[in-house]
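Enquirer: Below you will find the structure I want to go over with you.
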Amino acid sequence: MYRVLSKTKHLSPEIPEGLVDMSVIHIIDDEPDIGGLIREVVEGIGLKCQTYSSAADFLDAWGRVAEHDLIILDLMMPKMDGIELMRKLVERGCPQGIILISGSDQSILHSAEVLALAQGLRILKAVAKPIHLSEFSSLILRHAEHMGEHAAKRRSATDIPAEFDAEELEQGVSMGQMVLHYQPQVQISTGRLVGVEALVRWQHPRFGLIFPDRFIPQMEQLGIIENLTREIISTAVERQRVWAREFFPFGMSVNISARDTSSLGLPDQLAVLLTTHQLDPEQLTLEITETALIREQVRSLDMLTRLRLKGVKLSIDDFGTGFSSFLQIYRAPFSELKVDRAFVSRMQNDTEAMTIVEICIQLARKLKMRTVAEGVEDEVALQVLAELGCDLAQGYHIGRPMPEQGLREWIRAQMLSTG
């Protein structure tokens with residue numbers, strides 16, 4: 001039997017209001033000692049818990065598992081192992097967050113995680129035994145909180161239609177319903193704010209705040225995304241100028257879509273905008289996913305090269321998650337590489353993810369590119385990234401995406417803490 005390390009009597013972090021009544025942790029492990037210790041951790045931080053000694057028992061209770069609950073699943077079980085159970089969960093359309101645990105070889109745990117993600121399951125973490133209980137308690141609480149947020153978003157989005165008509169989408173842009181939230185990016189070596197990423201939301205008059213995955217793909221398909229992109233960049237640059245006067249100059253990152261990468265007029269439009277607001281082009285970074293560059297490669301390369309000639313920085317987003325990462329980074333004049341959260345969030349417990357993060361940072365350094373790590377959720381991850389030589393970090397540990405007033409308060413708090 002595998003030993004569980006770091007058992008502690010001091011597991012009493014503050015529970016977010018309403019979380020206790022909302023989340024149940026389901027533990028599926030055939031070893032009673034392991035299940036009992038994890039149960040002690042869960043109940044010790046004030047969350048409800050249910051244990052199962054077999055996969056069959058859990059499936060029998062499936063009707064009582066709420067969509068916002070968490071599942072802790074041991075891979076190595078008799079009769080029906082964790083891989084088989086995950087296959088059953090896929091068939092049942094499992095929306096729950098899942099934490100995988102296993103005492104098997106690390107490569108097996110990693111492959112199981114990749115398989116589950118490929119099948120559409122929400123794998124929150126893959127944790128190797130022996131388990132450090134103090135770290136595990138923080139993991140459960142953090143992801144339970146995230147699941148609560150996701151559940152709230154799902155509830156608020158229940159009545160949102162699957163598609164909007166073009167007129168309503170265009171009206172959302174023209175009437176100023178598209179708003180920006182901002183997530184801080186800090187220099188890892190100093191903790192100093194050096195930039196923010198602008199993230200669009202739709203403040204719909206009937207449905208409330210709508211996240212971009214519900215409307216951006218449709219706007220791309222309808223060919224009306226360019227108006228939104230111009231509006232986002234214009235708002236971001238205008239705010240950037242205001243904040244430079246109120247606080248100090250810092251960078252702004254804006255995502256552009258696949259269609260935007262073939263917009264040959266964008267470089268000249270940005271040059272005029274930056275001149276109007278008297279901003280240094282080096283303070284603006286456009287983020288492009290590598291998959292976006294696959295479409296109309298010649299036009300994309302034309303546009304991106306002209307942007308760099310005008311001083312605007314380019315960031316390759318979600319690096320390493322596509323099929324042509326090295327080709328794209330070789331072709332286009334990128335100045336920044338964003339290490340995807342899929343690797344950053346797992347690197348502490350996954351040697352393969354750690355290796356990928358390290359290689360991305362080393363590659364960027366060789367190519368004289370700045371590195372930004374996404375998905376930084378705790379101080380340990382920040383320390384690891386510092387040791388690896390990563391330049392910037394963003395994530396919930398630094399600050400969540402927030403409206404403009406929230407960012408102002410965040411900046412003031414940081415200025416007070418750093419003197």
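Any read-out appearing in this document is the output of simple, stated calculations on the displayed coordinates, not a laboratory observation. Keep in mind that what you see is a predicted model, and the values were worked out from it rather than measured. For neighbour counting, all protein chains shown are included, and Cβ atoms are generated from backbone atoms with ideal geometry for every residue, glycine included.
Enquirer: For the pair residue 387 and residue 192, how long in nm is the line joining their label points, each one 7 Å along Cα→Cβ?
Expert: Reported label-point gap for residue 387 and residue 192 is 2.6 nm.
Enquirer: Quick one: angle between helix 133-156 and the longest Cα principal axis of the chain, in degrees between 0 and 90, rounded to 10, please.
Expert: 60
Enquirer: Contour minus end-to-end for residue 115 and residue 60, with contour as 0.36 nm per residue of separation and end-to-end as the Cα-Cα distance?
Expert: Gain on extension, residue 115 to residue 60, equals 17.4 nm.
Enquirer: Determine the percent antiparallel among the DSSP beta bridges restricted to region 149-268, to the nearest 5.
Expert: Just about 75 percent of them are antiparallel.
Enquirer: Further question on the same structure: Expressed as a whole percent, how much of the Cα-Cα distance distribution for region 24-156 exceeds 21 Å?
Expert: Summing the P(r) of region 24-156 above 21 Å gives 35 percent of all pairs.
Enquirer: Taking the Cα centre as origin and putting +1 on Lys and Arg beta-carbons and -1 on Asp and Glu beta-carbons, what dipole magnitude results for the chain, to the nearest 20 debye?
Expert: Charge dipole of the chain: 900 debye, to the nearest 20.
Enquirer: Going by alpha carbons, how many degrees (0 to 90, nearest 10) lie between the helix axis of 32-44 and the longest principal axis of the chain?
Expert: Around 50 degrees separate the two axes.
Enquirer: Here is a follow-up. Of the DSSP beta bridges with both residues in the chain, give the percent that are antiparallel, rounding to the nearest 5.
Expert: Antiparallel bridges: around 25 percent, rounded to the nearest 5.
Enquirer: What is the log10 of I(q)/I(0) for the chain, computed with the Debye formula using one identical point scatterer on each Cα and no solvent, at q = 0.10, 0.12, 0.13 Å⁻¹?
Expert: Here the Debye-derived log intensity ratios amount to -0.77, -1.09, -1.25.
Enquirer: Just to be sure I understand: with springs between alpha-carbon atoms less than 10 Å apart, which residue in 71, 131, 160 has the highest mean-square fluctuation in the Gaussian network model of the chain?
Expert: 160
Enquirer: Expressed in nm to one decimal, what extension gain is obtained for the pair residue 134 and residue 83 from 0.36 nm per residue of sequence separation less their Cα-Cα distance?
Expert: 15.7 nm
Enquirer: Let me ask something else about it. What value, in deg cm²/dmol to 500, does the helix sum -39500 (n - 2.57) over DSSP H runs of n ≥ 4 give at 222 nm once divided by the residues of the chain?
Expert: Counting only the DSSP helices, I get -13500 deg cm²/dmol.
Enquirer: Of the trypsin sites (Lys or Arg not before Pro) in region 353-419, which ones lie in a loop per DSSP and count no more than 10 other C-beta atoms within 10 Å?
Expert: For trypsin sites (Lys or Arg not before Pro) across region 353-419 that sit outside H, G, I, E and B with at most 10 neighbouring Cβ atoms in 10 Å, the list reads 368.
Enquirer: Treating the angle as unsigned and between 0 and 90°, give the value, to the nearest 10°, between the Cα long axis of helix 225-246 and the longest Cα principal axis of the chain.
Expert: Once rounded, the angle reads 90 degrees.
Enquirer: Okay, next question. Compare 81, 391, 350 in a GNM of the chain, Cα atoms joined below 10 Å, and give the one with the largest fluctuation.
Expert: So, out of 81, 391, 350, the one fluctuating most is 81.
Enquirer: Below 21 Å Cα-Cα, how many Lys pairs turn up in the chain? Only count pairs eight or more apart in sequence, or on different chains, if you could.
Expert: 16
Enquirer: Taking the Cα centre of region 24-156 as origin and charging only Cβ (+1 Lys, Arg; -1 Asp, Glu), how large is the dipole, in debye to the nearest 20?
Expert: 580
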